[in-house]
Amino acid sequence: MGNRDQKTYSVTILLFAVAAVMLLIGVTRGEALIVFTKACRICLECIGIG
Amino acid sequence: MDRRATSGSPAAAASCFKKREKRRNITQGAFACLSNAWLPGWLSGGTYSGAGKYFCVPGLSCYSCPGALGACPLGAFQAVIGSRQFQFSFYIIGWLSLIGAAAGRYVCGWICPFGLVQDLLNKIPAIKKMRALPGEKWLRRLRWVVLAGLVCLAPLFLLDPIGQGQPAFCKWLCPSGALMAGWPLALLNQAVRQALGWLFAWKSGFLITLLGLAIFLYRPFCRYLCPLGLIYGFFNRYALLRHVHAPEECRACDACQAACPLSIAVRQKPNSPDCIRCGRCLTACPTNALKLIRPGAQMVSRRRSTD
Ligand code: SF4
Ligand code: SF4
Ligand code: SF4
């Protein structure tokens with residue numbers, strides 16, 4: 001594997017790590033609950049009423 | 001299957017393209033059905049409210065679709081930053097980074113239901129198919145305006161009397177919301193039907209215009225307006241699933257660029273942010289100089305262009 005490919009894979013791994021940390025922060029702050037509450041109801045804006 | 005479509009007869013090449021397109025459309029269809037498979041919703045005109053709605057689906061698939069089993073990442077992002085508690089969503093950026101780092105715009109080519117709808121419409125024979133619209137370069141920049149203005153700024157600053165931000169992308173523009181939620185619910189749910197007004201008319205008109213344009217031009221919404229595709233595009237270069245170009249195997253025939261429905265200079269930019277990963281260039285390359293690399297796959301060449 002070339003140096004350049006290795007570097008690109010390091011960025012990929014870093015992105016996964018950042019994603020995991022962000023998800024964790026988001027869940028602890030209670031963002032997932034807001035997503036759940038919004039997604040369970042019919043969203044009036046989506047359908048073009050609200 | 002021999003992926004090198006242009007190395008055989010024209011008939012063999014056409015059959016290779018057809019097979020790949022069929023495989024892609026079946027995968028897209030399977031994802032669209034799976035993520036919208038809540039049957040009671042389709043029968044009653046309601047929505048699913050189980051644990052799946054904590055999680056985001058990868059593509060632009062509306063969470064108000066009667067069959068939706070998960071949340072739409074763009075709708076969810078606007079809901080979080082438009083709420084009174086938060087101005088930023090770690091949760092949704094985390095989701096988008098996770099999906100982007102794994103697949104980049106393979107989501108657009110192989111998963112997103114609104115991509116599938118545009119793909120199918122483009123198969124309808126038309127007298128004149130267009131490669132691009134005049135001012136293509138500038139039109140593509142509209143995605144930035146949509147992302148910044150409608151998805152990020154409006155939910156933060158356009159507030160209703162109780163301090164909730166407006167999900168302006170969902171409300172004014174999103175054609176997936178109109179197609180997958182607005183139209184089915186207008187048919188299935190009487191209360192919704194009675195509440196329809198000018199906003200529904202605007203969204204439906206916009207959707208019909210886009211769908212009509214998609215017959216003549218490949219994926220107009222993805223090219224010019226979709227903020228989700230714009231976001232996943234940043235990941236194309238670094239995603240686990242990405243393309244490589246081996247200059248030493250390349251004849252510089254540009255069969256790849258000719259096959260690309262988005263006219264990308266594939267040799268120079270195999271991982272262009274505009275690439276929706278349809279894979280036509282991979283099939284078109286006569287020498288197999290363009291490849292998809294998967295995690296753990298053996299590199300066959302040392303000198304590769306991954307830009
Ligand atoms: S209207 Fe569009 S952006 Fe909004 S939730 Fe539905 S699909 Fe997502
Ligand atoms: S650009 Fe947007 S609408 Fe098009 S396929 Fe990608 S996510 Fe779906
Ligand atoms: S560069 Fe290749 S995979 Fe990307 S859109 Fe063009 S033909 Fe499809």
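Structure notes:
- Test result for B:F114, within 14 Å of chain A (Cβ to nearest Cβ), within 14 Å of ligand 2 (Cβ to nearest atom) and within 18 Å of B:P261 (Cβ to Cβ): yes
- Checking every residue in region B:95-104 against the condition of being in contact with a Lys or Arg (Cβ under 7 Å, 6 or more places away or on another chain), open to solvent by less than 30 Å² (accessible area, probe 1.4 Å) and either within 13 Å of chain A (Cβ to nearest Cβ) or touching a residue at least 12 places away in the same chain (Cβ under 8 Å) (or both) gives at least one match.
- From the options B:F216, B:F200, B:F221, residue that is touching a Phe, Trp or Tyr at 6+ places or on another chain (Cβ under 8 Å) and either aromatic (F, W, Y) or more than 12 Å from chain A (Cβ to nearest Cβ) (or both): B:F221
- Count of region B:42-60 residues which are open to solvent by 10 Å² or more (accessible area, probe 1.4 Å) and in a loop (DSSP other than H, G, I, E, B): 8
- Unique match (being within 21 Å of B:R143 (Cβ to Cβ) and in contact (Cβ under 8 Å) with a residue 24 or more places away in the chain) among B:K269, B:K291: B:K269
- Counting only helices (runs of 4 or more DSSP H) that sit wholly inside chain A, not one has at least 1 residues that are more than 7 Å from chain B (Cβ to nearest Cβ), of a type in the set (D, E) and open to solvent by 60 Å² or more (accessible area, probe 1.4 Å).
- Residue check for B:G177: in contact with a Leu (Cβ under 7 Å, 6 or more places away or on another chain) and either acidic (D, E) or in contact (Cβ under 8 Å) with a residue 40 or more places away in the chain (or both): no
- Meets criteria (more than 8 Å from chain A (Cβ to nearest Cβ) and open to solvent by less than 10 Å² (accessible area, probe 1.4 Å)) for B:G70: no
- The set of residues in region B:217-248 being in a helix (DSSP H, G or I) and touching a Pro at 6+ places or on another chain (Cβ under 8 Å) consists of B:F221, B:L228, B:L230, B:G233, B:F234.
- Helices (runs of 4 or more DSSP H) wholly inside region B:114-216 that include at least 2 residues being among the β-branched types (V, I, T), more than 16 Å from ligand 3 (Cβ to nearest atom) and open to solvent by 20 Å² or more (accessible area, probe 1.4 Å): B:198-216
- When B:A37 is tested against the conditions (1) away from chain A (no Cβ under 13 Å); (2) assigned to a helix (DSSP H, G or I), the lone failure is (2).
- Of residues in region B:80-113 being of a type in the set (A, V, I, L, M, F, W, C) and part of a loop (DSSP other than H, G, I, E, B), the one nearest to A:M22 (Cα to Cα): B:F88
- Residues being of a type in the set (G, A, S), in a loop (DSSP other than H, G, I, E, B) and surrounded by fewer than 19 Cβ atoms within 10 Å (Cβ to Cβ) - total across region B:249-273: 3
The values are calculated or read from the model by the stated rules, or taken from the named source; none is laboratory data. All values derive from a computational prediction rather than experimental measurement. Glycine gets a Cβ as well: all are built from the backbone with ideal geometry, and neighbour counts include every protein chain shown. Accessible surface areas use protein heavy atoms only, side chains included; no ligands, DNA or RNA. Shrake-Rupley method; radii C 1.70, N 1.55, O 1.52, S 1.80 Å.
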